[in-house]
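Beneath this line is the structure, given in structure tokens, with notes to follow.
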Amino acid sequence: LFRSEILAAAVPLEAVFLGKLVGMLGVALLFTLFWGSVAGLSASAGLGGLSLDAVAPGAGLASFAALFFGYFIMCFLLLGAVFLGVGAQAATMREIQMLSLPVTIFQVGMFALASSSAGRPDSTLGMAAAIFPFSSPFAMAGRAAIGVPAWQHIAAFAWQLLWLAATITVAARLFRRGVLKSTGARR
């Protein structure tokens, strides 16, 4: 019988948290690669001789792809850490659903904030979306499409890394507390 006490004694729970987070990222990347390939092959089969030059990103296709990939990873790790930290506090599926609802609403709100500012990236709303840590990956991916100076992306990645470190630290502590709490006597 495998119990969480054995795992907690064998490995630091922070390492388990990071392993879960990296594992979730790997699954998400594989899933995205598979369905992106299916969509790309389907689109290329249906396009024939149609050119997509009119929708080329301002940063160039290779730069945009690299920036988009970086922002995807930042966004996934930020939100994944929050979900893992909050999810560890629940003991039942019902509790997980109730605890994840506010995080999901927050996530949709951050996407809405970044989307509403995509057409006006230099407005106050656009700057707020680019600066706020949980909407920043979304907003900066949109800015990569229109082509902003490279220093903005460098500053955004540094800012997001700082918030990622803080979020992982807090979420790992929540994870540790939730896992250790769950190893007590069952009711």
So which residues in region 108-144 are open to solvent by less than 60 Å² (accessible area, probe 1.4 Å), outside any helix (DSSP H, G or I) and within 20 Å of GLY58 (Cβ to Cβ)? SER117, ALA118, PRO121, SER123
Residues in region 169-187 that are at pLDDT 85 or above and of a type in the set (Ser, Thr, Tyr) total 1
Answer yes or no: is there a residue in region 27-36 that is of a type in the set (S, T, N, Q) and modelled with pLDDT under 90. no
Among the numbered criteria (1) open to solvent by less than 90 Å² (accessible area, probe 1.4 Å); (2) among the basic types (Lys, Arg); (3) in contact (Cβ under 8 Å) with a residue 40 or more places away in the chain, which single criterion is violated by ARG176? (1)
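Filter region 47-83 down to residues that are assigned to a helix (DSSP H, G or I) and open to solvent by 70 Å² or more (accessible area, probe 1.4 Å) and give me whichever is modelled with the highest pLDDT.
So the first thing to find is which residues in region 47-83 are assigned to a helix (DSSP H, G or I), and the list is 47, 53-55, 61-83.
From what is left, the residues that are open to solvent by 70 Å² or more (accessible area, probe 1.4 Å) are 53-55, 61-62, 68-69.
Values: ASP53: 61, ALA54: 61, VAL55: 65, LEU61: 79, ALA62: 83, PHE68: 90, PHE69: 93.
Applying the filter and picking the extreme gives PHE69.
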Since ALA166 meets every condition but one in (1) among the aliphatic types (A, V, I, L, M); (2) without any contact (Cβ under 8 Å) to a residue 12 or more places away in the chain; (3) over 27 Å from GLY19 (Cα atoms), which condition does it not meet? (3)
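Yes/no per residue for (1) modelled with pLDDT of 90 or more; (2) closer than 15 Å to PHE72 by Cβ:
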{"site": "ALA128", "(1), (2)": "yes, no"}
{"site": "PHE134", "(1), (2)": "yes, yes"}
{"site": "PHE138", "(1), (2)": "yes, yes"}
{"site": "ALA144", "(1), (2)": "no, yes"}
{"site": "TRP151", "(1), (2)": "yes, no"}
{"site": "ALA156", "(1), (2)": "yes, yes"}
{"site": "GLN160", "(1), (2)": "yes, yes"}
{"site": "TRP163", "(1), (2)": "yes, no"}
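The values are calculated or read from the model by the stated rules, or taken from the named source; none is laboratory data. Here the structure is a predicted model, which is why all the values come from computation and not from measurement. Positions of Cβ are generated from backbone atoms using ideal geometry, with glycine treated the same way; all protein chains shown enter the neighbour counts. Surface accessibility is based on the protein's heavy atoms, side chains included, excluding ligands, DNA and RNA. Shrake-Rupley method; radii C 1.70, N 1.55, O 1.52, S 1.80 Å.
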